[in-house]
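Here's the structure we're looking at; comments come further down.
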Amino acid sequence: MRSILYAILACSMFTAQVAYATSGYITGRVRFYNANGQFCPAGRAPCNGAFYTYNDLGYTGVPEITLTLHDENHNDIGTTTTDTDGFFFIHWISSSGATNGHFVWYAAHAGQRFHLDDASGNPLQFQSNPNSLVDGTTIASPQQWGNINYGTSASPRPNLNVYWSAWMMWSSLYYSGYMRSRFSDVEIRFNSSQCATSCAEGWNNRIYLDTNANTPYSPIARVMHEMGHIASYVGSENQEFDFTASYEYGGNDGWNYTTPEYGSVQFEEAYATFLAATAFYWDISPDPHVCGLVAQSTACNTNYHNLESSSYPNCNVDAEENRWPLTAMRYLWDIYDNASADGMNVAWWKMVENITFYGGGTNNHEKNEPWDEVWHWLPPGYQWEITDEDGRSVTDYKYHLLNSAYAIDSTAVYQANCSPPGD
């Protein structure tokens, strides 16, 4: 009898030392407070063809991120991804009998198309509050964690607003097979002092978003526009990307929607903004608007700037309207749209991939047309000198649209948008 008791005690002591494995299923949704501006406002309702309207403000799912579930001892006990609306479903297994868990995740696209870092290049990490883990839950009856929220109307998360905008831009670029094969692992550095008004470095596959408080909430003017530059660089198969010397048309530095620019700058900035606009507006939209920086939850002013508008035949010659980036944007939109009477409605992927047909040299209609092929000392270092400021312009895009692949003649809409310069 005593031997049996010893055996039972030994067995009990051994059992107490073995951790009890637990497992279960959890479902829920990760959300952020969407305070992005540049949406279609109520005053332009019903906002036909707009992907982002005044109704979309407020809590929105964080799409396509990777969630790692940690237990109270920071052990990884499960991994999943959110869907396009921020919903998740995860199976977790703990060999140590975990009773609490929390999510750790980064502002990085689960498909590795882009990731958001701080100004120094460190990944932006987020954590959820701890929650209980219920052992034995099943696929059919998972534990409900509900909404995991980040930010409020009074204090939105600027970095997550940027992440969502970048995801919207990628969701648009996705419809180009060329972009699916080449647009990948773009680094977006948040709140950086590298560039005063944000910039993109195609050769580094990197975007710098400036420190202005309105930058995170102005997607068309900032993160989506800069992603448009990366798409341009990728689409042109790594053309020279330093336009610095040619942003000085008329002695002015920089650019704006209605400042006259050299043809190369006019087209590059217009093309990047056009791609950004298509992330928020479909081709049937009667009034797609673009603008500069806006405050949180603020739309572009109506008719400022409407891509469906045109001054033709009363183009402002004195203000050189034919050289405005806005004029080139309207040319591109009129080729793409299905809402006007111009008779054109070119598939979006063709609009994107037309630039892939530019030749690789510096001759007319080639991707490096603005530059010569000699290195010059142009502070802060050696670089190619720009010798044809109107090279790689609207007229080159028009040329390739007709002659390289698609046999699409855009002369009528070119003329209806003040005939931008080029050779």
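The values are calculated or read from the model by the stated rules, or taken from the named source; none is laboratory data. What you are looking at is a predicted structure, and each value in this text was computed from that prediction instead of being measured. Here the Cβ positions follow ideal geometry from the backbone for every residue, glycine too, while neighbour counts run over all protein chains shown.
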| task | Just need a number here: residues in region 156-174 that are touching a residue at least 60 places away in the same chain (Cβ under 8 Å) and either part of a loop (DSSP other than H, G, I, E, B) or of a type outside the set (Ser, Thr, Tyr) (or both). | result | 12
| query | Within region 175-184, how many residues are in a helix (DSSP H, G or I) and either modelled with pLDDT under 95 or not hydroxyl-bearing (Ser, Thr, Tyr) (or both)? | reply | 4
| remark: If you go through Glu237, Glu226, Glu261, the only one that is among the charged types (D, E, K, R) and farther than 19 Å from Val352 by Cα is Glu261
| Restricting region 202-224 to residues that are crowded, with 18+ Cβ neighbours inside 10 Å and in contact with an Asp or Glu (Cβ under 7 Å, 6 or more places away or on another chain), the residue that is farthest from Ser155 (Cα to Cα) | Arg206
| query | What do you reckon, is Glu353 in contact with an Asp or Glu (Cβ under 9 Å, 6 or more places away or on another chain) and more than 24 Å from His289 (Cβ to Cβ)? | reply | no
| note | Per the filter on region 113-162, residues small (Gly, Ala, Ser), surrounded by 16 or more Cβ atoms within 10 Å (Cβ to Cβ) and closer than 18 Å to Asn36 by Cβ are Gly151
| query | Does Thr298 satisfy being assigned to a loop (DSSP other than H, G, I, E, B), in contact (Cβ under 8 Å) with a residue 24 or more places away in the chain, touching a Leu at 6+ places or on another chain (Cβ under 7 Å) and of a type in the set (Val, Ile, Thr)? | reply | no
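Kindly provide the set of residues from region 1-46 that are closer than 30 Å to Thr302 by Cα, part of a loop (DSSP other than H, G, I, E, B) and modelled with pLDDT under 95, ordered by number.
Residues of region 1-46 closer than 30 Å to Thr302 by Cα: 31-46.
Filter once more, keeping what is part of a loop (DSSP other than H, G, I, E, B): 35-39, 41, 45-46.
Of everything in region 1-46, those that are closer than 30 Å to Thr302 by Cα, part of a loop (DSSP other than H, G, I, E, B) and modelled with pLDDT under 95 turn out to be Ala45, Pro46.
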| Pairs under 7 Å by beta carbon, first residue within 15 Å of Ser181 (Cβ to Cβ) and aromatic (Phe, Trp, Tyr) in region 231-248, partner modelled with pLDDT under 75 and not in a helix (DSSP H, G or I), six or more apart or different chains? | Tyr233/Gln239; Tyr233/Phe241
| note | Residue set Glu389, Glu385; condition in contact with a Pro (Cβ under 7 Å, 6 or more places away or on another chain) and either closer than 16 Å to Pro260 by Cα or modelled with pLDDT under 95 (or both); output residue Glu389
| query | Going by the structure shown, is Tyr233 touching a Gly at 6+ places or on another chain (Cβ under 9 Å) and over 21 Å from Ser309 (Cβ atoms)? | reply | yes
